[in-house]
Amino acid sequence: MWLEFIAAGKDKLTNAAVVYSRVYVTHQSAAAHFRIFQTIEKIVQGDTGNPIRWRHLYASSNKEQDQDGCLLMWTGDQDGGQAKGLGMHLQAIAQTRSGYDLYEPHRKLSDLDPYEHLHRIFRLCTVHFSRNVKKCVTPSHVKKAMYSLACIEHGDWNGALELIRRDGGRTGIDWLENKVQSRFALEAICWQRSKMPLYIWKAGDSHDNLVEASHANVNLEGKAMSLVGGIESGRRFDFNRMGLLQTFESAGVRHSYKTNHLSEAATKAIKRKHKRNHENFNEPDRLIIKHNEEFDKAEKRMNTARTRGINLRNSVSKLIDELASIESKYEREFNPSEKEKLRERLRKKNWKIDEEKDKMHKQATAFKTSGEELQKLSEQAGKLRPGSGKYVPRTLFMDS
């Protein structure tokens, strides 16, 4: 896979991005970037007859009038390979220079190491810096301390670093160690820690959006191309872009309705900042509204649970009453004393039944005896009165 390295700047007349070079590499090491910068330097030297004038190497002083024609500042992300490769390239150039450093006049330029060269010309993109801080899982006051490091002057630099180490946890410690061990990141986000003139720091871009936009624009032509296809696509795009700029210079015809003037960019930045400040100002209100809504939902859930609890309690009370009634009935029916009473009542009923049976048996016996006697009388009467039939007793009616 090929990676694209872009060196770009801004055209003063149109404020449009101008791509100086596109380099395709397979590695992002310091050695690879050192070779890139060396090659760019040779091409510029061959085309113009003059080398690239790096400000801290070629300027005679830190005064603004002595910086004309120099490359004042280099802005990039925290790519250790790119930054160190640039520092190694500047160190190699410094070996050919016999002058002294503008910030430490007692030191020769040839004595500076790669990172000391970066402290004098390199600035870290605040967009990448802020994005990385946002990804950190740390408390809000630790993130605030992290954001505060990107500044011109810091009121309590060491205190902020100590707070990040103490309260940031493992994430905060790793984040800070990454910046410290890079040996250029902290100096590249705070002017007070760098060795760069203040007017250059304020005038220069604090981000590399220009380069990111150049990447995005050429990506519209396509991605995942072959090496030759990527080179031809990038060259065609850059030539078309330069043609638009030349048309504006010669005929005054812009390629867009936007003027791309600094005032337009400043107005847009002010509006964006005002919108962000307004959102930050309204953030507490949004949090209050959100918490109130959550409180209302919790209160509704609590009321629902309370109602269900009351209904459940009533149901349980009814069940308890029914259970008590059943237990009472059970105790009455199955109490030993009650059982004995029931047995006694049953015995009495059985006695009465037996008495009634005996009485009925006696009556039946009496009726049987009476019937036999009547039969005998009938037979005797038949003998006395011949021709008379068998005696049939009449139905007897008895009062109950």
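The values are calculated or read from the model by the stated rules, or taken from the named source; none is laboratory data. Worth saying up front: this structure is predicted, and the values here are computed from it rather than measured. With ideal geometry, Cβ positions are generated from the backbone for all residues, glycine too; neighbour counts draw on all protein chains shown.
List of remarks:
- Checked against (1) farther than 18 Å from Ala31 by Cα; (2) crowded, with 16+ Cβ neighbours inside 10 Å, His89 meets all criteria but (1).
- Test: residue in segment 7-17 that is basic (Lys, Arg), out of contact with any Leu (no Cβ under 8 Å at 6 or more places or on another chain), modelled with pLDDT under 95 and exposed (fewer than 15 other Cβ atoms within 10 Å of the Cβ): yes
- Selected residue (criterion: farthest from the chain's Cα centre (by Cα)) from residues of segment 177-218 that are under 14 Å from Trp74 (Cα atoms) and of a type in the set (Lys, Arg): Lys195
- Restricting Thr96, Thr75 to residues that are of a type in the set (Val, Ile, Thr) and either farther than 22 Å from Asn209 by Cβ or modelled with pLDDT of 95 or more (or both) narrows the list to Thr96.
Per-residue answers, yes or no, for (1) over 17 Å from Phe184 (Cβ atoms); (2) exposed (fewer than 15 other Cβ atoms within 10 Å of the Cβ); (3) of a type in the set (S, T, N, Q); (4) at pLDDT 95 or above:
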residue	(1), (2), (3), (4)
Pro105	yes, yes, no, no
Phe122	no, no, no, yes
Arg131	yes, yes, no, no
Gly155	yes, yes, no, no
Ala160	yes, no, no, yes
Leu163	yes, no, no, yes
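- Whenever a residue of segment 204-215 is within 10 Å of Ala8 (Cβ to Cβ) and touching a residue at least 24 places away in the same chain (Cβ under 8 Å), its partners that are charged (D, E, K, R) and part of a loop (DSSP other than H, G, I, E, B), lying with C-beta atoms within less than 7 angstrom and at least six residues away or across chains, give the pairs Asp208/Asp77.
- Residue check, Ser233 more than 30 Å from Gln67 (Cα to Cα), among the polar types (S, T, N, Q) and buried (at least 17 other Cβ atoms within 10 Å of the Cβ): yes
- Residue match in segment 171-182 (condition: free of Cβ contacts under 8 Å to residues at least 60 places away in the same chain, closer than 29 Å to Glu64 by Cβ and surrounded by 15 or more Cβ atoms within 10 Å (Cβ to Cβ)): no
- Residues of segment 54-75 classified as touching a Phe, Trp or Tyr at 6+ places or on another chain (Cβ under 7 Å) and crowded, with 18+ Cβ neighbours inside 10 Å, total: 1
- Test: residue in segment 216-224 that is of a type in the set (Val, Ile, Thr), under 26 Å from Met146 (Cβ atoms) and surrounded by 13 or more Cβ atoms within 10 Å (Cβ to Cβ): no
- Some residue of segment 280-292 being of a type in the set (Val, Ile, Thr), closer than 28 Å to Leu245 by Cα, surrounded by 10 or more Cβ atoms within 10 Å (Cβ to Cβ) and modelled with pLDDT of 85 or more: no
- Whenever a residue of segment 18-31 is of a type in the set (A, V, I, L, M, F, W, C), its partners that are not in a strand (DSSP E or B), lying with C-beta atoms within less than 6 angstrom and at least six residues away or across chains, give the pairs Val18/Asp11; Val19/Ser214; Val19/Asp238; Val23/Ile36; Val25/Ala32; Ala30/Gly81; Ala30/Lys84; Ala30/Gly85.
- Considering residues of segment 239-267 that are small (Gly, Ala, Ser) and part of a loop (DSSP other than H, G, I, E, B) only, the residue farthest from Arg22 (Cα to Cα): Gly252
- Among the residues of segment 311-336, those that are modelled with pLDDT of 70 or more and hydroxyl-bearing (Ser, Thr, Tyr) comprise Ser315, Ser317, Ser325, Ser328.
- Residue list for segment 236-256, restricted to those being loosely packed, with under 13 Cβ neighbours inside 10 Å and under 41 Å from the mean Cα position of the chain (by Cα): Ser256
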